[in-house]
Amino acid sequence: MDIVEIVQKNLGYPPVKKIDPNTSEPVDKEEKYEAGSLAQAAIPVTLIGILNYMELKLKTVNELSDRHPAQVQTLFEKNYDEIIAHVARYSGTTEFQVTQEMNFILKEAMRVILEIKKTTSLSAHEFVVASRAASVLYLPASLHLGTLLGDNHIDDNTTKMEGPISSVMHSLENKFK
């Protein structure tokens, strides 16, 4: 189980689904998917936000939780309003509700990351790269998060491909980050 699924299950959200790189939509999307659309957008966006913040600010999740109240606005700074608006549009909810849910997800995600870090021997950089790669697999392309964060790699459909050849290519790609 990956970090996205752990957070989703711990918080009792409907299952989030990996994104089909061919359609840019969740795999096996049900007809009445609206109930799961907030989790589908908010969980990977929040996780990618934490991981980007850790890498860009050279902070650990401990430093993030010790120095700042767990607020999504801290993660996204100048792009906060636009990111919240994109998630609200995708999920069909209000920006206020998105902010509340993403702050809730943020607290649980930081707790999960601290737990995972205790049981892994990965360096902080390796952990961030691996966790971001797992989170991107669930990120709906219509959110354009990569564009908003200035990292077009996030929005590239090839990052959502899995399999033996894709895995080799992603591992090579991660060596150069």
Determine, yes or no, whether residue 174 is part of a helix (DSSP H, G or I), within 18 Å of residue 51 (Cα to Cα) and modelled with pLDDT of 90 or more.
no
Pairs please, first residue from region 92-121 and at negative phi, second anywhere and in a helix (DSSP H, G or I) and at pLDDT below 85, Cβ atoms under 6 Å, 6+ apart in sequence or on different chains.
110/61; 110/65; 113/61; 114/61
Would you point out which residue out of 98, 136, 87 is at pLDDT 85 or above, surrounded by 20 or more Cβ atoms within 10 Å (Cβ to Cβ) and farther than 18 Å from residue 52 by Cα?
98
Looking at 153, 144 in this structure, which one is under 27 Å from residue 81 (Cβ atoms) and either touching a strand residue (DSSP E or B) at 6+ places or on another chain (Cβ under 7 Å) or modelled with pLDDT under 80 (or both)?
153
Has region 133-145 got any residue that is touching a residue at least 40 places away in the same chain (Cβ under 8 Å) and at positive phi?
yes
Kindly provide the set of residues from region 56-82 that are modelled with pLDDT of 65 or more, part of a loop (DSSP other than H, G, I, E, B) and either closer than 18 Å to residue 107 by Cβ or touching a Lys or Arg at 6+ places or on another chain (Cβ under 8 Å) (or both), ordered by number.
59, 60, 70, 71
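When the residues of region 6-17 are filtered to those that are surrounded by 15 or more Cβ atoms within 10 Å (Cβ to Cβ) and not basic (Lys, Arg), which remaining residue is nearest to residue 139 (Cα to Cα)?
Among residues in region 6-17 that are surrounded by 15 or more Cβ atoms within 10 Å (Cβ to Cβ) and not basic (Lys, Arg), the one nearest to residue 139 (Cα to Cα) is 16.
The values are calculated or read from the model by the stated rules, or taken from the named source; none is laboratory data. This is a predicted model, so every value here is computed, not measured. Every residue, glycine as well, gets a Cβ built from its backbone with ideal geometry; the counts of neighbours run over all protein chains shown.
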